[in-house]
Amino acid sequence: MKSEILLKDLGEYVVNKSALAQGAEYDKWLLLPYETGEFSGVALAAMDNFHPVAIKLSIGASGWYKIYLGVLTFGGRAGIGVRFGKDDQTLIEPKLRVSHCWQPNEWIEEGFFRAMDLTGKNLTLTKSECEGIMTTGGLAYIRLVPMTEEEVAAYQTKEGGCVAFHYDIDFSRDFDKPEEESYAGRLRMLENTCGGEWFLETAFDHCYVDEPEGHVYLSTVNKTHARRYAAYIKDATENHKSLIKEAKKLGYKTYATQRMEMADFCFPYSLYSWRSGIADPYPEYHCKMRDGRSVEVLSYAYPKTRRLSIELLMKPLEDGFDGLTLIFHRGLHVAFEQPVIDRVQQLYGVDARKLPFADERLHGVLCEVMTTFMRELKAEVTRVYGDTKKINAIVYYDATQSKQFGLDVETWCKEGLVDGICQGLMTHYEKLDGCLGEDGLIDLEKYKEENGKRMVLCRTYDGDPKLVINGAKELKPICDRYGKTFYASLLWEGNSPFTAWDMAQELREMGVTQFMSWNANHKAKDMAYINTERSIARKETENKHESRFLRVLSMAGKDISSFCQNWRG
């Protein structure tokens with residue numbers, strides 16, 4: 001068995017040594033001596049306002065190894081781009097989870113990166129740049145742990161994974177994109193998860209590719225990112241097929257994932273890449289509020305909106321995705337449009353605008369609208385593809401809140417309109433204090449007055465583990481009753497991976513077998529988080545991939561073991 005390899009004096013392994021410097025030079029990597037309680041070494045550091053060129057390190061190892069990276073941060077936004085051989089670059093951002101630190105560079109965070117056959121492979125290291133933010137980052141050491149044949153086989157297993165990994169829409173414009181215009185770097189971070197399912201957002205705001213005339217950018221960096229995004233969308237079919245190919249290599253089923261709110265997601269002066277203008281041409285189909293005001297969101301109460309939505313959903317299926325995942329938990333899909341008002345009046349003889357969303361007379365009609373859409377979508381997918389394409393729906397935390405806003409989970413499952421129900425991490429609710437009349441209905445004048453002072457229609461958006469677990473108790477039995485897959489949500493990337501691990505174990509005790517990882521392309525930058533979810537996906541009984549932290553005693557020859565002179569506490 002080979003021995004473990006520790007590469008700690010990293011300057012020795014750099015091929016293009018002209019890119020290194022002992023002191024501060026704008027376009028070079030700083031050679032930064034450090035000492036820990038275990039060993040001393042020389043890190044490669046890229047400081048803020050420095051723009052060093054990419055460097056290659058000759059590792060000199062052959063055969064399969066587990067790769068652990070010891071990364072540094074110096075405060076602010078931190079990150080380094082890492083690529084081995086011809087593989088695609090992955091951004092690594094250190095996330096210090098220690099009980100106390102005077103300053104981040106008192107610690108080196110070590111985390112598992114990937115395993116691979118290193119024969120003939122060099123490492124390429126780059127500094128991350130993100131939307132004009134000053135960034136820092138450094139690599140202190142590389143630890144290589146040899147693997148047995150059995151470990152290699154287990155690592156490469158492509159079956160049995162129980163997590164659906166969601167990639168947020170900004171995956172297509174991530175700033176750590178490598179030179180060869182490939183987007184597969186973070187996708188490859190899903191190795192060692194035994195396959196599963198992969199949800200790539202291909203949202204409605206992909207409706208155009210040309211730069212809007214007269215658009216105002218707040219920075220040249222934003223303009224660069226927007227143009228990159230436009231190029232991605234222009235070649236969407238080619239990009240999707242390439243990504244699907246990579247996902248299949250990892251054993252994943254792939255789903256084109258859409259935000260079902262027919263609206264823009266940014267204001268006019270934000271990145272134009274997120275502005276579709278999809279609602280602009282159809283003011284007559286906009287959603288209406290209780291007081292008759294329009295909001296720039298298209299309502300599914302109108303056949304035109306439903307047809308447009310289906311048309312946009314069908315297009316990415318042509319690229320070879322295994323199915324669709326519909327994100328309903330984000331926004332508004334139907335409210336108080338005339339068809340809704342007329343239907344409530346016909347059935348119950350009451351003004352829909354005076355009924356709370358919790359009133360079954362109102363939400364029953366909203367469910368009629370959205371179930372009609374789901375039937376039309378299912379019919380069209382079946383007409384074109386037969387039973388070869390699956391449909392998942394992402395709803396609210398629980399079945400009750402979902403139904404109150406038109407998402408009838410039970411009917412969708414019972415009628416076979418969906419193959420799986422994914423638990424979202426948002427929900428809507430109304431705070432009607434001061435808005436109700438003596439008859440128990442909403443007084444529209446009081447509602448308008450209260451809405452001028454506070455938000456009456458609210459949204460929960462915090463990833464509370466208790467809400468997730470309690471919601472799973474409602475949603476899972478419905479899915480079980482009709483033989484549909486239920487995916488319980490793991491948390492957003494801003495939460496603790498240890499909380500996610502504990503929550504997943506509690507959900508497993510309830511009988512949950514499938515999970516959904518939100519924004520896995522962001523989590524891939526955080527070694528502790530993505531590795532926690534690797535362990536969940538592999539159905540392991542303990543979290544084996546937590547980061548470890550090495551105490552830094554001195555840096556650049558300065559003793560910081562008792563006090564860091566750059567303390568920002």
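Take the residues of the range 535-569 that are among the charged types (D, E, K, R), over 18 Å from residue 33 (Cα atoms) and touching a helix residue (DSSP H, G or I) at 6+ places or on another chain (Cβ under 8 Å): which is modelled with the highest pLDDT? Out of the qualifying residues, it is 542.
Every residue, every condition in (1) assigned by TED's automatic domain parsing to the domain that holds residue 92; (2) more than 30 Å from residue 419 (Cβ to Cβ), yes or no:
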residue: 509; (1), (2): no, no
residue: 512; (1), (2): no, no
residue: 521; (1), (2): no, no
residue: 527; (1), (2): no, yes
residue: 553; (1), (2): yes, yes
residue: 564; (1), (2): no, yes
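The residue of the range 462-480 that is surrounded by the fewest Cβ atoms within 10 Å (Cβ to Cβ), among those that are closer than 14 Å to residue 413 by Cα and in contact (Cβ under 8 Å) with a residue 40 or more places away in the chain, is 474. Take the conditions (1) surrounded by fewer than 18 Cβ atoms within 10 Å (Cβ to Cβ); (2) in contact with a Phe, Trp or Tyr (Cβ under 7 Å, 6 or more places away or on another chain); (3) small (Gly, Ala, Ser); residue 483 misses just one of them, which is (2). Return the residues of the range 12-22 that are farther than 18 Å from residue 61 by Cβ and either acidic (Asp, Glu) or part of a helix (DSSP H, G or I) (or both); say none if nothing qualifies. Scanning the range 12-22 gives 17, 18, 19. Condition first: over 21 Å from residue 165 (Cβ atoms) and either of a type in the set (A, V, I, L, M) or under 21 Å from the mean Cα position of the chain (by Cα) (or both). Now tell me which residues in the range 470-490 satisfy that. Answer for the range 470-490, where residues must be over 21 Å from residue 165 (Cβ atoms) and either of a type in the set (A, V, I, L, M) or under 21 Å from the mean Cα position of the chain (by Cα) (or both): just 478.
Any residue that is in the same structural domain as residue 465 (by TED's automatic domain parsing), part of a strand (DSSP E or B), touching a Lys or Arg at 6+ places or on another chain (Cβ under 8 Å) and farther than 24 Å from residue 480 by Cα - is there at least one of those in the range 418-428? The answer is yes; a qualifying residue exists.
Scanning the range 526-562 for residues that are among the hydroxyl-bearing types (Ser, Thr, Tyr) and in contact with an Asp or Glu (Cβ under 7 Å, 6 or more places away or on another chain), we see that the one that is surrounded by the fewest Cβ atoms within 10 Å (Cβ to Cβ) is 554. Restricting attention to the range 126-152 and to residues that are part of a loop (DSSP other than H, G, I, E, B) and touching an Asp or Glu at 6+ places or on another chain (Cβ under 7 Å), the residue that is modelled with the highest pLDDT turns out to be 128. Does residue 499 satisfy the condition of being within 25 Å of the chain's Cα centre (by Cα), surrounded by fewer than 23 Cβ atoms within 10 Å (Cβ to Cβ), more than 21 Å from residue 68 (Cα to Cα) and without any contact (Cβ under 8 Å) to a residue 60 or more places away in the chain? Here the answer is yes, as residue 499 does meet what is asked.
Scanning the range 446-461 for residues that are without any contact (Cβ under 8 Å) to a residue 60 or more places away in the chain and of a type in the set (Ser, Thr, Tyr) gives a single hit, 461.
For the range 242-262, the set of residues classified as at pLDDT below 90 and surrounded by fewer than 22 Cβ atoms within 10 Å (Cβ to Cβ) consists of 242, 246, listed by residue number. Of all the criteria given as (1) part of a loop (DSSP other than H, G, I, E, B); (2) on the phi < 0 side of the Ramachandran plot; (3) at pLDDT 85 or above, the one not satisfied by residue 200 is (1). Do we have residue 58 as modelled with pLDDT of 95 or more, polar (S, T, N, Q), more than 30 Å from residue 153 (Cα to Cα) and not assigned by TED's automatic domain parsing to the domain that holds residue 532 here? Spelling it out, it is not the case that residue 58 is modelled with pLDDT of 95 or more, polar (S, T, N, Q), more than 30 Å from residue 153 (Cα to Cα) and not assigned by TED's automatic domain parsing to the domain that holds residue 532. Has the range 396-409 got at least one residue that is under 17 Å from residue 324 (Cβ atoms), of a type in the set (Ser, Thr, Tyr) and either assigned by TED's automatic domain parsing to the domain that holds residue 483 or surrounded by fewer than 23 Cβ atoms within 10 Å (Cβ to Cβ) (or both)? Within the range 396-409 (the criterion being under 17 Å from residue 324 (Cβ atoms), of a type in the set (Ser, Thr, Tyr) and either assigned by TED's automatic domain parsing to the domain that holds residue 483 or surrounded by fewer than 23 Cβ atoms within 10 Å (Cβ to Cβ) (or both)), the answer is no, since none of the residues qualifies.
The values are calculated or read from the model by the stated rules, or taken from the named source; none is laboratory data. Remember, it's a predicted structure, so these values are computed and weren't measured experimentally. Backbone-built Cβ (ideal geometry, glycine too); neighbour counts: all protein chains shown.
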